[in-house]
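Accompanying notes for the structure given below.
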Amino acid sequence: TPPAPKCPIGEKKRKPGFFASGGKHAVLCDCPKPEGDYMRAYHAKNTRYNIILVTGALAAFGSWGMALSSGIIGLNWSLPPYVYTEDEKEDFEIEEERRREEKEARQERHQDAVEARELAIRRRHAKEAMEREVDLMQRDMDEGISNEELDELQRLAAEREAFEIWEKDEIKRLEEQQKEREQIRKEKAKVKAERDKEREKKRSEKEAQLEKEEAEREKARKKARQDREKAEKEAQKEKEKAEKEKEKAR
């Protein structure tokens with residue numbers, strides 16, 4: 001095999017199809033040979049790139065800030081302003097009030113159902129305990145009962161008394177709750193009636209204002225029409241007068 005080409009010493013004229021080392025294949029001598037201080041060149045390039053980066057970032061953020069401040073670009077961070085009419089606002093308030101009343105009614109019905117279910121369950125348990133208590137009392141009078149059954153009878157009697165007290169308090173609480181609800185309904189109905197009265201008053205005032213404005217516009221239109229007719233009559237008179245003067249001049 002032929003030996004690898006050696007690095008040339010000095011500058012030689014390159015042959016066509018050959019590398020600078022004189023061979024047809026590149027060797028390390030054919031690589032570029034940097035000159036000067038590497039770190040100085042590196043820092044110079046790095047400083048230039050950093051200046052370009054900071055300048056581009058400032059230009060980008062500055063352009064973005066100017067666009068946002070001028071209102072050209074909107075990011076829709078909040079709901080856009082929409083000018084509702086007074087009638088639309090009133091309809092929204094009425095709908096919101098209706099939904100709130102329906103929600104409160106559903107909550108009241110749910111609470112009543114839960115309380116009625118609890119009361120029915122406890123009454124059923126009390127009835128079953130009462131039947132067991134009556135059976136034990138009958139057996140005690142007839143043939144006697146054991147100590148365990150006597151303890152059960154005493155426990156059932158205590159539970160029955162506790163249930164009677166709880167039932168009495170619960171019924172009283174439900175009655176007071178119903179009275180309070182009725183009072184709240186009356187107050188809400190009163191407030192609603194006053195609000196409806198105020199709305200009707202505002203609506204009447206608005207209709208009266210609109211009628212007044214329409215009457216003023218109609219009056220202005222009528223006056224403008226009369227002025228126009230008067231001007232047309234005067235122009236017609238001027239025209240007839242000019243024609244008469246022209247005939248006399250002939």
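Hey, if we sort ILE72, ILE184, ILE52 by accessible area with the 1.4 Å probe, largest down, what's the order?
I get ILE72, ILE52, ILE184, largest accessible area first.
Determine the per residue accessible area of region 87-232 with all protein chains present and a 1.4 angstrom probe, expressed in square angstrom.
Solvent-accessible surface per residue comes out at 84 Å².
If you bin the C-alpha pair distances of region 13-118 every 5 Å from 0, what whole percents do you get?
Once binned at 5 Å, the Cα pair distances of region 13-118 give 2, 8, 6, 6, 6, 6, 7, 6, 6, 5, 5, 5, 5, 4, 3, 3, 4, 4, 5, 3, 1, 1, 0.
Once the cut-off is 20 Å, how many percent of the Cα-Cα pairs in region 106-250 end up in the long-distance tail? Don't skip to the answer; put the middle values down first.
Values: 7940 of 10440 pairs.
I get 76 percent for the Cα pairs in region 106-250 exceeding 20 Å.
Could you state how much accessible area MET39 has, in square angstrom rounded to the nearest 10, with a 1.4 Å probe and all protein chains kept in place?
Around 90 Å² of this residue is reachable by solvent.
When the solvent-accessible surface of protein heavy atoms is calculated with a 1.4 angstrom probe, in what order do GLU167, GLU182 fall, highest first? Present the calculation step by step, with values, prior to reporting the outcome.
Numbers: GLU167 45, GLU182 80 Å².
Heavy-atom accessible area, descending, gives GLU182, GLU167.
How about region 51-104: which chymotrypsin sites (Phe, Trp or Tyr not before Pro) there are in a DSSP loop, with at most 11 other Cβ atoms within 10 Å of their Cβ?
Those that pass, being in a loop and sparsely packed, are TRP77, TYR82, TYR84.
What FRET efficiency would be calculated for the residue pair ILE184, ARG124, taking the C-beta separation as r and a Förster radius of 22 Å, to the nearest 0.05?
0.10
Given R₀ = 45 Å, FRET efficiency for GLU245-LYS202 by Cβ-Cβ distance, to 0.05?
0.10
Using a 1.4 Å probe, how large is the accessible area of VAL191, given in Å² and rounded to the nearest 10?
Spelled out: VAL191, probe radius 1.4 Å, area about 80 Å².
Under the rule a/c < 1.5 gives rounded, and otherwise a/b versus b/c splits prolate from oblate, where does region 40-177 land using the Cα gyration tensor?
Working: a/c = 9.38, a/b = 2.59, b/c = 3.62.
Oblate, because a/c is 1.5 or more while a/b does not exceed b/c.
Expressed as a whole number of Å, what is the distance separating the alpha-carbon centroids of region 19-43 and region 51-127?
About 69 Å separates the Cα centre of region 51-127 from the one of region 19-43.
Given a Förster distance of 30 angstrom, what is the FRET efficiency for ALA57 paired with ASP37, based on the Cβ-Cβ distance and rounded to 0.05?
Efficiency at R0 = 30 Å is approximately 0.50.
Could you state, as a whole-number percent, how many of the C-alpha pairs of region 180-250 are farther apart than 18 Å?
The proportion of pairs with Cα distances above 18 Å equals 71 percent.
How large is the translational diffusion coefficient of the chain in µm² per second when you combine the Kirkwood radius over alpha carbon pairs with Stokes-Einstein at 10 °C and 1.306 mPa s?
Values: Rh = 34.1 Å.
For these conditions, the coefficient is 47 µm²/s.
The values are calculated or read from the model by the stated rules, or taken from the named source; none is laboratory data. Quick caveat, the model's predicted, so the values are computed rather than measured. Every residue, glycine as well, gets a Cβ built from its backbone with ideal geometry; the counts of neighbours run over all protein chains shown. Heads up: the accessible areas ignore ligands, DNA and RNA and are worked out on the full protein's heavy atoms, side chains in. Shrake-Rupley method; radii C 1.70, N 1.55, O 1.52, S 1.80 Å.
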